[in-house]
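The values are calculated or read from the model by the stated rules, or taken from the named source; none is laboratory data. Being a predicted model, the structure only gives us computed values, none of them experimental. Reconstructed Cβ throughout: ideal geometry from the backbone, glycine too, with neighbour counts over all protein chains shown. Note: areas computed on protein heavy atoms with side chains; ligands, DNA, RNA excluded. Shrake-Rupley method; radii C 1.70, N 1.55, O 1.52, S 1.80 Å.
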Amino acid sequence: MQVVHAYRYALDPTPRQERMLRSHCGAARLAFNWGLARVKANLAQREAERSYGIPAAQLTPSLSWSMYSLRKSWNGAKQEVAPWWAVNSKEAYACGLDRLATALTNWNESRKGTRKGPKVGFPRFRSKRKKAMSVRFTTGAIRLHGRTHVVLPVIGRVKTHESTRKLARRVEAGTAQIRSATVRLEAGRWLVCFSVQVERATTTASRPEAVVGVDLGVKTLAVYSDGRPPTANPRHLAAASRKLRRLSRAVSRKQGPDRRTGQKPSGRWRKANAARNRIHHRVATLRRDAIHKLTTGLAGEYGTLVVEDLNIAGMVKNRRLARAISDAGFAEIRRRLAYKTEWKGGRLVVAGRWFASSKTCSGCGAVKAKLALSERTFTCADCGLVLDRDVNAALNLASLVKHTVAGSGPETTNGRGADHKTPPAGAGGCETSTPHRAPPRPDGDLRPAMDGTLRDTET
């Protein structure tokens with residue numbers, strides 16, 4: 001299996017190498033801002049000519065936003081724009097232009113409605129103070145040197161804080177090929193991330209036939225349908241909130257930057273702000289590590305995992321839960337489960353966003369009209385089932401998976417083990433209500449109640 005892995009290492013550059021890294025990042029930002037200024041000037045010129053009534057055929061020709069065209073224009077103007085351009089690698093300028101081309105394409109597709117996701121605004125000029133410093137190398141001398149050094153174009157051999165033997169062994173064995181390297185400054189530390197094309201051996205989960213429903217939540221991060229002990233929510237941000245408040249007060253009492261007056265930050269402000277940034281970086285690192293361990297364990301054990309399609313963007317609008325939901329990382333858990341199950345030969349099934357997993361009884365299939373968030377115990381009025389709310393939701397998720405029965409084709413079972421081929425009886429009278437079970441489709445496939453879309457996640 002050919003996959004793309006990312007290997008990230010912390011660098012330990014010398015003062016000279018750090019100056020060169022900063023110069024490369026500045027070169028990428030310069031190329032981005034130069035290209036954006038040309039594009040904005042061209043758009044403004046064409047808009048002004050339209051306001052004068054000039055026909056479309058006589059307007060100033062529009063500029064191409066492709067990477068090839070931007071780089072060709074840069075090569076013709078770099079001697080005037082940046083006479084010192086030869087000090088840095090050509091990849092630094094290509095990186096800035098490539099980012100500009102991508103940003104313009106995203107804005108154009110979002111404006112036309114062909115791009116999914118939230119609305120994307122027009123690119124803005126990148127600030128030296130606000131924008132994180134990073135640069136990407138795609139050609140040139142990009143390789144490992146021994147087990148403790150990496151080689152980057154122009155910059156040369158840079159020492160790493162940790163051993164690179166895991167990646168080095170793959171490269172030496174011929175099962176990995178480095179495609180690019182991105183250098184980034186995070187929390188005062190330089191990091192290099194290698195994008196590597198890796199040949200992974202075909203593996204399977206330890207229990208390929210096992211199916212588990214995973215219900216994600218804030219009080220408990222993950223609850224499972226097979227009786228496995230739930231995974232507690234580590235709440236990394238909440239654990240560091242006291243220290244962050246103290247450091248934020250320290251930052252607010254120092255002389256910080258002010259763009260309106262041109263005031264520059266004091267040395268003490270920089271030091272206090274760096275201490276606060278290190279705490280944020282540590283929280284993000286701990287969260288990433290915990291999610292990796294959780295998803296790797298699930299994908300390596302179960303052949304099929306069922307999760308919900310949560311509306312994270314709508315959930316974080318609740319000001320009382322926004323911080324806790326963001327700290328849990330629901331979307332990141334689902335994203336990593338998607339590709340890790342593929343690596344293990346399993347599958348990730350996503351229940352429809354409107355499937356009432358918490359309101360549906362896992363015993364009889366009855367659906368409650370309302371279920372307050374404060375009710376942590378599910379009590380069914382029809383069959384008398386009393387069960388933890390999250391466990392009930394996990395059981396409902398697990399019951400949605402299709403099972404292949406010999407001689408009868410695919411069918412799904414509910415919490416009682418009955419199939420969905422027999423449509424449910426309608427409610428008495430003429431009142432309108434949502435059926436507990438959707439009627440069968442002509443092809444024999446069955447959908448969960450309400451929205452009920454059930455699909456394998458695309459990676």
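To keep it simple, each residue is scored yes or no on (1) modelled with pLDDT under 95; (2) open to solvent by 40 Å² or more (accessible area, probe 1.4 Å); (3) assigned to a helix (DSSP H, G or I); (4) farther than 25 Å from Ala94 by Cα.
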position	(1), (2), (3), (4)
Val158	no, no, no, no
Glu162	yes, yes, no, yes
Arg170	yes, yes, yes, yes
Phe194	no, no, no, no
Ala205	yes, no, no, yes
Pro208	yes, yes, no, yes
Gly213	yes, no, no, yes
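In segment 11-26, which residues are in a helix (DSSP H, G or I) and touching a residue at least 24 places away in the same chain (Cβ under 8 Å)?
Listed by number, the residues that qualify are Gln17, Glu18, Met20, Leu21, Arg22, Ser23, His24, Cys25, Gly26.
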Next on the checklist: Which numbered condition in (1) open to solvent by less than 20 Å² (accessible area, probe 1.4 Å); (2) at pLDDT 95 or above is the only one that Ala250 fails?
Outcome noted: (1)
Next on the checklist: I'd like to know if segment 321-336 contains one or more residues that are surrounded by 18 or more Cβ atoms within 10 Å (Cβ to Cβ), more than 24 Å from Ala232 (Cα to Cα) and in contact with a helix residue (DSSP H, G or I) (Cβ under 6 Å, 6 or more places away or on another chain).
Outcome noted: no
Next on the checklist: Return the residues of segment 76-89 that are surrounded by 12 or more Cβ atoms within 10 Å (Cβ to Cβ) and either modelled with pLDDT of 95 or more or part of a loop (DSSP other than H, G, I, E, B) (or both); say none if nothing qualifies.
Outcome noted: Ala82, Asn88, Ser89
Checklist entry - Could you list, in sequence order, the residues of segment 225-264 that are in contact with a Phe, Trp or Tyr (Cβ under 9 Å, 6 or more places away or on another chain) and either in contact (Cβ under 8 Å) with a residue 60 or more places away in the chain or at positive phi (or both)? => result Asp226, Pro230, Thr231, Pro257
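Any residue that is open to solvent by 30 Å² or more (accessible area, probe 1.4 Å) and of a type in the set (Phe, Trp, Tyr) - is there at least one of those in segment 300-310? Before the answer, list the steps.
Let us first name the residues in segment 300-310 that are open to solvent by 30 Å² or more (accessible area, probe 1.4 Å), namely 301, 308, 310.
Still in the list and also of a type in the set (Phe, Trp, Tyr): none.
No, every residue in segment 300-310 fails to be open to solvent by 30 Å² or more (accessible area, probe 1.4 Å) and of a type in the set (Phe, Trp, Tyr).
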Item to check | segment 199-242: number of residues that are of a type in the set (Gly, Ala, Ser) and touching a strand residue (DSSP E or B) at 6+ places or on another chain (Cβ under 6 Å) | outcome: 5
Next on the checklist: Looking only at segment 345-375, filter to residues that are of a type in the set (Lys, Arg) and farther than 15 Å from Val307 by Cβ; which one of those is surrounded by the fewest Cβ atoms within 10 Å (Cβ to Cβ)?
Outcome noted: Lys370
Checklist entry - For segment 98-138, what are the residues that are over 19 Å from the mean Cα position of the chain (by Cα), assigned to a helix (DSSP H, G or I) and of a type in the set (A, V, I, L, M)? => result Leu100, Ala101, Leu104
Next on the checklist: So Glu47 passes all but one of these: (1) open to solvent by 60 Å² or more (accessible area, probe 1.4 Å); (2) modelled with pLDDT of 95 or more; (3) not polar (S, T, N, Q). Which condition number does it fail?
Outcome noted: (2)
